[in-house]
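Worksheet: one structure, shown below.
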Amino acid sequence: MKSCLLLAILTIGCSVSQADTILFTTFGAGQSYDTSNGYTINAGNELAASFSSPLYAQLLSVDVAVEADAPDDQFTMYIESGDSGPTTILDTISGLTFPQAPSSAVINVPSVAQPAILPGETYWVVLAFNSGSGTSGAWMDNNIGAAGNGMVASGNGNDGSTWNSPVDTFLPAFDVVGGVPEPSSIALAGLGLGIAAAIRARRVRSLRPR
């Protein structure tokens, strides 16, 4: 009976529910952005934009405002960590296609690895051009004056190229969405683990020779 009760408590307590939360954004109201200006992404030019989160979360997706020369152009997004520039790859999402210029749009890119995002750490969204009948794409500017670090790499920065100094303090348009554990679920998980520890301690005492 105790085993069944413990299993039920742990099942409920350890299934921590999460709330989808925007951890970082440079979009205006209704995901608006500058539709006339953007940063070029091509075979010799990757672009990275930094972000940080105030909360612990599991990365779920990234929304970016983009366009491409041709509809068959393919791009790759990397999620990386690093204090002074993209350093460690945490997630890779390849085979992305963007709307054909001049019709830019916001596209949603689901995370594959869903890495943990720690509060106060610096992370980077990196966009790279791969192939296609066109030669480049663009990551559109934000329209709210959001400031931060944007960097470029000559060639493929994820293959060892040196990232240059910040392009601008005017970040491109994007947001980062993560799953944030809900407080009630954390409390329930803590309760389940606490009861499990108490039962284990009681069992150990009962097995000691008298």
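Readers should treat all values here as calculations from the given coordinates under stated rules, not as data from a laboratory. Owing to the predicted nature of the structure, the values given are computational and were not obtained by experimental measurement. Quick reminder, even Gly has a Cβ in these numbers, built from the backbone with ideal geometry, and neighbours come from all protein chains shown.
Of note:
- The stretch 22-174: C-alpha gyration tensor shape, a/c 1.5 cut-off, then a/b vs b/c: rounded
- Long-range amide H partners of SER61 with built H, under 5 Å: SER111, VAL177
- Pairwise label distance in nanometres, ASN164 with THR88, each label 7 Å out on the Cα-Cβ vector: 2.8
- Here the relative contact order of the stretch 22-174, from alpha carbon pairs under 8 Å that lie six or more residues apart, stands at 37 percent.
- Each peptide in 42-48, 138-144 was scored by the mean count of other Cβ atoms within 10 Å over its residues; highest first, the order is 138-144, 42-48.
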